[in-house]
Every structure is written in C-alpha cells, then in structure tokens.
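As structure tokens, the structure follows; a few thoughts come after it.
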Amino acid sequence: MAPLIWIIHGPNLNLLGRREVPIYGKTTLADINHRLESLGRDLGFEVRATQGDGEGEVVRAIHAAWDAGAAGILINPGALAHYSYAVRDALAAVLAAGLPIVEVHLTNVHAREEWRHTLVTAPATTGQVVGFGPASYELGLRALAGRAGSDGG
Ligand code: DQA
C-alpha cells in the first residue's frame, strides 16, 4: 500500500472559489484536492484531505494523521497559523516524532496585513511555501514527498 500523506485545510478554506476572489482566486478546495490526489499518485503516495473550521478540529486532524501512521502532513492552517499555539503544539509533537510537515499558504502572507506576518505554526514545520496560489499546495506536496520518501519511512 502506498504511504499516506495527510492534507489539512483550516478555517474558511472550504469557501475557496467564492471567497474574496481577487485575493484567493476561483479555484475551489475540491479542485485543489483533486490535483493533489493525482499528483500524490504520480509521486507514489496516497493523499487524504480534511478541512476544519475550528481549532480543535485542526488539532484532532493532526493527531489523526499521526495515529494513522501518515508519512507526512501538508497543512494550510488558514488564520490559525497567526495565533494558534494549540495547532503549533500539535505540529511540534508530530514533527518531534519524525513526521515531516510542510505549511502552505495560497497568498504571500508577508506582503499582506501586518498581523498575517507572524506564523506561530511555522517553527513547528519542516518548511513553508507561500504566495503561489493553488501551486503552493503542489510545490509543498512535492517537497513533502521528497522528505517523506516513497518507502513509507
Ligand atoms: C491563508 C492566509 C491566512 O492569512 C488567511 O487567514 C487564510 C488563508 C492563505 O492560504 O493564504 O484563511 O492561509
């Protein structure tokens, strides 16, 4: 069985395609997930995607990825990235256990409002990709696949 990569989308990302279109674009979350499933297959991984609007849901999704023996986590924490120490701590726990984690953002958060410049989650990840729209996820998945290895390790 192909090793698993767990994709976690945080709050409001279910609205992609109709949410502040000039900022976030017209691509829907379903489109992004389809692309990631197919890219994941090409890279030798099974991809499973979840979305949650609450901090607890995102924390539980991180735990679930660990419990499921995932080979890595690709996460867009949405606004939680800017203030959620609970999400950061959950990521830190799985990162310390050896799971690679890539954080992505569609927009270049560093070029937006000042409160978006702080990413409290970033230090608890292997690396980040920001600012490339839906391609942030694809670049992140490629980087993660390189770290996770296709042997499940
Ligand atoms: C986002 C950036 C966040 O600041 C924002 O709260 C989001 C989306 C992005 O992907 O660009 O919900 O994570």
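Things to note:
- Some residue of the range 125-143 being crowded, with 16+ Cβ neighbours inside 10 Å, at pLDDT below 95 and closer than 16 Å to residue 72 by Cβ: no
- Positions within the range 14-39 being out of contact with any strand residue (DSSP E or B) (no Cβ under 6 Å at 6 or more places or on another chain) and either within 10 Å of the ligand (Cβ to nearest atom) or in contact (Cβ under 8 Å) with a residue 24 or more places away in the chain (or both), in sequence order: 15, 16, 19, 20, 23, 24, 25, 27, 31, 32, 35, 39
- Boolean, residue 57 is under 21 Å from residue 117 (Cβ atoms) and without any contact (Cβ under 8 Å) to a residue 12 or more places away in the chain: no
- Beta carbons closer than 9 Å, at least 6 apart along the sequence or on distinct chains, pair a first residue in the range 98-115 that is in contact (Cβ under 8 Å) with a residue 24 or more places away in the chain and acidic (Asp, Glu) with a second that is within 8 Å of the ligand (Cβ to nearest atom) and assigned to a loop (DSSP other than H, G, I, E, B) for 103/77.
- Filtered by the rule that a residue be within 8 Å of the ligand (Cβ to nearest atom), in a helix (DSSP H, G or I) and more than 19 Å from residue 17 (Cα to Cα), the range 103-120 gives a lone residue, 116.
- The one condition in (1) closer than 26 Å to residue 19 by Cβ; (2) away from the ligand (no atom under 16 Å from the Cβ) that residue 95 fails to fulfil: (1)
The values are calculated or read from the model by the stated rules, or taken from the named source; none is laboratory data. Keep in mind that what you see is a predicted model, and the values were worked out from it rather than measured. Note: ideal-geometry Cβ built from the backbone for every residue, glycine included; neighbour counts use all protein chains shown.
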